[in-house]
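Quick notes on the structure that follows.
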Amino acid sequence: MRSHLIQVTTRIAVLGKSGRISCARQLFDEMPQRDTVAWNAMLTGYCHLGLHQDALSLLQCMRISNVKPDHFTFATALSVCAGKDLQFGQKLHALVTVSGYNSSLPINNALIDMYGKCSTVENANRVFEEMSFRNEVSWCSLLFAYVNVRVFDVANSILCAMPKRVVIAWNTMIAGYSKMGRMEFCMDLFKKMLEDLCSPDKWTLSALMNACAETSECCYGCMVHGFIIRSGWNSAVEVSNSVVSFYSSFGDENGVLKAVESIEILSQVSWNVIIDAQMKIGNIDEACLAFQQAPEKNFVSWTSMIAGYARHGHAEHSIMFFIDMMRGGLLPDDFTFGAVLHACSNMAMLGHGRMVHCCAIQFGFYAYAYVGNGLVNMYAKCGDIEGSCMAFSDVYEKDLISWNTKLFALGLHGHCSQALQILEEMVAYGMKPDKVTFIGLLMTCSHLGLIEKGLVLFESMSSKYKLYPETDHVACIVDMLARGGKLEEARELANMYLGKNSVEVSSVEALLGSYSTQGDITGTELGEQLQNLKPYNEMSYVVLSNLYSASGQWKEAEIVRRVMADQGVKKMPGCSWIEVRNEVTAFVAGRLQSSFMDEVYKMLHVLESEIRYPWFIHFWDGIT
C-alpha cells in the first residue's frame, strides 16, 4: 500500500512538471488516501505552471482535510503569494507561527521574499531581524526587498554588511539601478564587484547591457560588449540576446547583424529579440523572415510585429497581424493592445479602433492604464472626443500619462475650459503635473488665443510647481504671442531663452511660422537665421520661400528653392487618408493611384456642378 502511494505521488509530480496538470489532478482526486507529500506534489505542479489561484485553493482544501502542512508546503505556498497576494501571505505567516514553523530557515527566507516582492519592506526586515540563523538566501532576499522599493541607500548598507557578497547580491543591485536608468551606478558596482574578486555571470552582463541600452551614449555598451567577448560569455544565449537589444536601441544595423550572427543557439527569446531588433532598425522584410522561421511564436513574437509595423507607418499590416493573432487562439496582453491602438491612432482608423476596444473589453484589459491611455488617444485622433472621455473614465488606476492624454485630447478638439480644468482635477486626484502637462496646457492656450491665461500658467510652472521651462514650453509661449500679433513681445521672450541652441531653434521656428501666417516680410531674416542653425530642415526653406513669394520677390524665392535642392533637402509630400467600410485609402500629393483617378474626377465634377448650379440641384431634388 505504501509503495503504491509513493508511485502515484511520483506520477503526479512528473505530470505536473510536464504541464499535464489536468491528468495530475485527476490522478490526485482518485487517490483513496493522500499524505502531505501527495498534496505538496500537486501544489508544486500548480506553482510550476503559474496557476496561482488553483494553488491557493488547493492549500485551503488541504487545511480542511486532516493532513497537516509541513515546511515544504508553507515555503511553496508563500512563493505563490510573492508579489501577488499579500493578504493571503499574511494569513500564511500567522499559520506558520501557530504551527511552530517560525524558526524554520527555508520558511523565513520565503517570508522575506514574499514581503519583499509585495513591497512591504518593514515586515521583511522584521522577519530578518527575528531570525536566529541566516544564510546567503536570507541576505539576498532582504536586499531585493529594498531594491524592489528603490530604497538604494539601505540596500547599499545591506550589501556592505553581508558576510559574503555573492554574485546574486551584486546582480540584484545592478539590475535595480539598471531599471532606474542609473548607468553610472551600474558601472561603479560592476567595478567594485570585480575588485571584490566576484566573477560576473550571464545575468550580471545581461543586466549591464540592458542598462547601457537606456543611455544616450553607446560607449558604455561597447565597453561591456568588449568585456563579454574577452571573458567568453558571448556564447551565453541570455547575454547574446541583450547585446542584440543594445545595438538595436541605437539603430546600429551593422552591430545588430553581427550580434545576430554570433548567436550560436537560438531560443524562443532569441527569435523574439531578433524580430524586435530588425523592426527597430527598419529591416521589415528581415523581421518578417525571422517571424516565419521562428519554430514557436508566442504573444511576444506577434506583439513585436504589430508594434514594428505601427512604428513604421504600416498600420494596416499591424491590424492584420493582430487579427491573425486572435484567429490563431493566442491571447494578447496589454502591450499588444497598446501597439495595435497606436496603429489605429496613426491612421485615424476609428472602425478598427472600436473593434480593438471590444476585444480589450472581452479580455478584461480596457481598464488597464496602458490600454486605456491608448484608447483615449485613439478616439481623440479619430475625432470621437466623447469616446475618448469615456475611455478615460474606464481606467481603473489613472497615471500621469492618462491625465496628460486626456488633456491633449480636449485641447486638440478645442474644449478649452475642460482642458484647463484638467490641471485642477489631476491635482485634486493626487497627481503632480509634469512638463508634458504644461506643454498641453500652453498649446491649448496658444491655439485658442488665451494669451493672459497662457502667461499665468507659464509663470506658475516654476513658482508653484517647481518645473523650469524647457525648449517646448518657450516655443509654445512664443507661438502664442506671435499668433496674437504680439511679434515684438514674442521676439523678446525668445531672446531671453537663447542660452541653448535647441531653445533658439525652437523659438525661431515658432516665430517664423507666425510671420508667415501674417505675411510679414520682416520674418525673412529669421528664416535665414534658421537656415544657418538647421541647414537640413525643410521648414526654414519652404516658409522663407513662401514669404518671398507673398511679397512678390520671386527671384529671392527661386534662390531659396535652388539652395534647398543643392543641399539635398526635400519637402515631405502631403498625405491624407480616408476610412470607408473599414478599409483605408491613402492619398499622397503627386501619387494618386490610377485605380481611383476616375472616381475622384467624377466626384470633383459633381461637386463643381453643385457649386456652380446649386439652384438646379434643389430643383432636381424637388422633382425626385
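Between residue 293 and residue 558, what is the spin-label point distance in nm, taking each point 7 Å from the Cα along the Cα→C-beta axis? So the two model labels end up 5.5 nm from each other.
Between residue 219 and residue 122, the simple label model (points 7 Å from Cα in the Cβ direction) yields a spacing of 4.6 nm.
In this Cβ point-charge picture (+1 for Lys and Arg, -1 for Asp and Glu), segment 405-461 has a dipole of about 140 debye about its Cα centre. Positive end of the dipole of segment 73-177 (Cβ unit charges, origin at the Cα centre): among 142, 92, 76, the Cα lying farthest that way belongs to 76.
Could you compute the net charge surrounding residue 162? Neighbours are other residues with a C-beta less than 14 Å from the C-beta of residue 162; K and R count +1, D and E count -1.
Summing Lys and Arg as +1 and Asp and Glu as -1 gives +2.
When segment 218-281 is described by a simple charge dipole with +1 on each Lys and Arg Cβ and -1 on each Asp and Glu Cβ, the residue from 239, 265, 278 located farthest towards its positive end is 239. Counting only residues at least eight positions apart within a chain, or on another chain, the aspartates and glutamates with an alpha carbon under 14 Å from that of residue 602 are 610. Among the GluC sites (Glu not before Pro) in segment 370-446, those placed in a DSSP loop whose Cβ has at most 11 other Cβ atoms within 10 Å are 397.
Counting Lys and Arg as +1 and Asp and Glu as -1 over every other residue whose Cβ lies under 9 Å from the Cβ of residue 145, the net charge comes to 0. In segment 163-297, the portion of solvent-accessible area held by carbon and sulfur atoms comes to 53 percent [1.4 Å probe, whole percent, DNA, RNA and ligands not counted]. Please report the carbon-and-sulfur percent of the accessible area for segment 357-478; probe 1.4 Å, protein heavy atoms only, DNA, RNA and ligands left out. With neighbouring chains kept in place, the figure for segment 357-478 is 57 percent. Within the shell defined by Cβ-Cβ distances under 12 Å, the residues around residue 409 carry a net charge of 0, with Lys and Arg each +1 and Asp and Glu each -1. Residues of segment 71-101 falling in the label zone of residue 154, defined by backbone nitrogen less than 17 Å from a point 7 Å along Cα to beta-carbon, are 83. Taking the Cα centre of segment 224-319 as origin and assigning +1 to Lys and Arg Cβ atoms and -1 to Asp and Glu Cβ atoms, the resulting dipole is close to 180 debye. Sorted on the mean count of surrounding Cβ atoms within 10 Å across their residues, most packed first, peptides 93-100, 446-453 read 446-453, 93-100.
Across segment 350-435 the C-alpha pair distances fall into 5 Å bins from zero in the proportions 3, 16, 27, 25, 17, 8, 4, 0 percent. Bridging of residue 432 to lysines at a Cα separation below 27 Å is possible for 117, 179, 381, 398, 406, 453, 464, 466, once same-chain residues fewer than 8 apart are set aside. The slack in the chain from residue 431 to residue 466, taken as 0.36 nm per residue of separation less the alpha-carbon distance, amounts to 11.1 nm.
Rolled with a 1.4 Å probe across the full set of protein chains, the surface gives residue 212 an accessible area near 0 Å². Take every Cα pair under 8 Å whose residues are at least 6 apart in sequence, average their separation, divide by the length of segment 85-151, and the relative contact order is 33 percent. A simple packing score, the average count of other Cβ atoms within 10 Å per residue, orders the peptides 318-324, 67-73 as 318-324, 67-73, with the highest score first. Taking Cα centre as origin and charging only the Cβ of basic (Lys, Arg, +1) and acidic (Asp, Glu, -1) residues, the dipole magnitude of segment 364-444 rounds to 200 debye. Spacing of the modelled spin labels on residue 164 and residue 491, each 7 Å from Cα toward Cβ, amounts to 7.5 nm.
The values are calculated or read from the model by the stated rules, or taken from the named source; none is laboratory data. Not measured: the values here are computed from a predicted model. Heads up, the Cβs are rebuilt from the backbone with ideal geometry, glycines too, and the neighbour counts pull from every protein chain shown. Ligands, DNA and RNA are stripped out before the accessible areas are found, and what is left, the full protein with its side chains, is counted by its heavy atoms. Shrake-Rupley method; radii C 1.70, N 1.55, O 1.52, S 1.80 Å.
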